[in-house]
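The block underneath contains the structure these notes are about, expressed in structure tokens.
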Amino acid sequence: MSDSAAHHLHTDREFRAELADLKERLLVMGARVEEMILHSTRAVVARDIAFARSTIGNDRRVNQDEIEIDRACLRILALRTPLARDLRFVTLVLKMVTDLERIGDLAVNICERAQDLAPLPAGGHDLRLEQMGNLAREMVRDALDAFVNSDELKAHAVIARDDEMDDLYSDFFTEVLAEMLQDTGNVRRGIQLQSTAKYYERICDHGTNLAEHVLFLVRGEDHRHRGKIPVDSQGG
């Protein structure tokens, strides 16, 4: 093997190792975010202020993950000039860390609502909130699994489940609104509950984004806003 060929092989191995490390960092960040969703749900259902505060503190690590992964992506783009699927992979990791960081922020918001709800009377909505929290976490987890395995079917399944969350949120909002209209003493609690439900709905939107990124990675097709863009804007 010539010196040139050996150098190329060595460089390619280094590049593959960098991509593998980038993937691992993203999954570690994803696992942290999943845990934050789980813990924020526990905090809001149990009205556990101490647990809410500890979960809020974990957001610093997620923010640091975002910074470090962004730097790694930019370094690869600058020094390796990746092409085709490798380029899609790196650019999508940049987008995925943004979604994950925002999910972490939403988990913090839920913990803040847990603190606000703690001194208020319980209203019998804990089971529904737990259901929404579980669905949000499952969508994020399944989107990351789809990313690891380049699994189109699982990515499509995640996207489909966003309708399930929309239905849960709509029903929850209607129920809580009816309680507030019936008794103005429920207004303060109702506003906090509706905010919490909205945060879960937004987490699922970001989970959907993650799944759409997977489809772009695998197929090179942009699935964002499918069925929501007017025909004229698509040149039809």
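Scan region 144-160 for residues that are surrounded by fewer than 18 Cβ atoms within 10 Å (Cβ to Cβ) and either under 22 Å from L106 (Cα atoms) or in contact with a strand residue (DSSP E or B) (Cβ under 8 Å, 6 or more places away or on another chain) (or both) and jot them down.
If the condition is that a residue be surrounded by fewer than 18 Cβ atoms within 10 Å (Cβ to Cβ) and either under 22 Å from L106 (Cα atoms) or in contact with a strand residue (DSSP E or B) (Cβ under 8 Å, 6 or more places away or on another chain) (or both), then D145, A160 are the ones that fit.
Within the group A31, A52, which residue is in a helix (DSSP H, G or I) and within 24 Å of L127 (Cβ to Cβ)?
The match here is A52.
Within region 62-81, is there a residue that is more than 20 Å from the chain's Cα centre (by Cα), within 21 Å of L144 (Cβ to Cβ) and of a type in the set (V, I, T)?
Taking every residue of region 62-81 in turn, at least one turns out to be more than 20 Å from the chain's Cα centre (by Cα), within 21 Å of L144 (Cβ to Cβ) and of a type in the set (V, I, T).
For region 22-43, which residues satisfy the criterion of being among the aliphatic types (A, V, I, L, M) and in contact with an Asp or Glu (Cβ under 9 Å, 6 or more places away or on another chain)?
The answer is L26, V28, M29, V33, M36.
Run down R141, R102, R53, R47 and say which single residue is farther than 26 Å from D21 by Cβ and surrounded by 15 or more Cβ atoms within 10 Å (Cβ to Cβ).
The match here is R47.
Given T91, T98, which one is at pLDDT below 95, β-branched (V, I, T) and either part of a helix (DSSP H, G or I) or within 20 Å of the chain's Cα centre (by Cα) (or both)?
Every option except T91 fails the conditions.
If a residue has to be within 24 Å of V108 (Cα to Cα) and among the β-branched types (V, I, T) to count, how many in region 165-201 make the cut?
4
So R113 clears everything in (1) touching a Ser or Thr at 6+ places or on another chain (Cβ under 9 Å); (2) over 21 Å from E175 (Cβ atoms); (3) modelled with pLDDT of 95 or more except one condition, right? Which one?
If we test R113 against (1) touching a Ser or Thr at 6+ places or on another chain (Cβ under 9 Å); (2) over 21 Å from E175 (Cβ atoms); (3) modelled with pLDDT of 95 or more, just (2) comes out false.
Provide a single number: the residues in region 164-216 that are within 27 Å of V93 (Cβ to Cβ) and out of contact with any His (no Cβ under 7 Å at 6 or more places or on another chain).
Total meeting the criteria: 16.
Take the residues of region 155-172 that are without any contact (Cβ under 8 Å) to a residue 40 or more places away in the chain and touching a helix residue (DSSP H, G or I) at 6+ places or on another chain (Cβ under 6 Å): which is nearest to A114 (Cα to Cα)?
It comes out as Y169.
Could you grab the pairs with beta carbons closer than 6 Å, sequence gap of 6+ or different chains, first residue in region 186-215 and over 20 Å from P119 (Cβ atoms), second one acidic (D, E) and surrounded by fewer than 19 Cβ atoms within 10 Å (Cβ to Cβ)?
Hits for this filter: C204/D162; T208/D162.
When you go through (1) within 28 Å of V187 (Cα to Cα); (2) at pLDDT 95 or above; (3) buried (at least 18 other Cβ atoms within 10 Å of the Cβ) one by one for D163, which number turns out not to apply?
Unmet condition: (3).
Condition first: in contact with an Asp or Glu (Cβ under 9 Å, 6 or more places away or on another chain), closer than 23 Å to V90 by Cβ and among the charged types (D, E, K, R). Now tell me which residues in region 147-162 satisfy that.
Hits for region 147-162 are D151, K154.
The values are calculated or read from the model by the stated rules, or taken from the named source; none is laboratory data. All values reported here derive from a predicted model rather than from experimental measurement. Quick reminder, even Gly has a Cβ in these numbers, built from the backbone with ideal geometry, and neighbours come from all protein chains shown.
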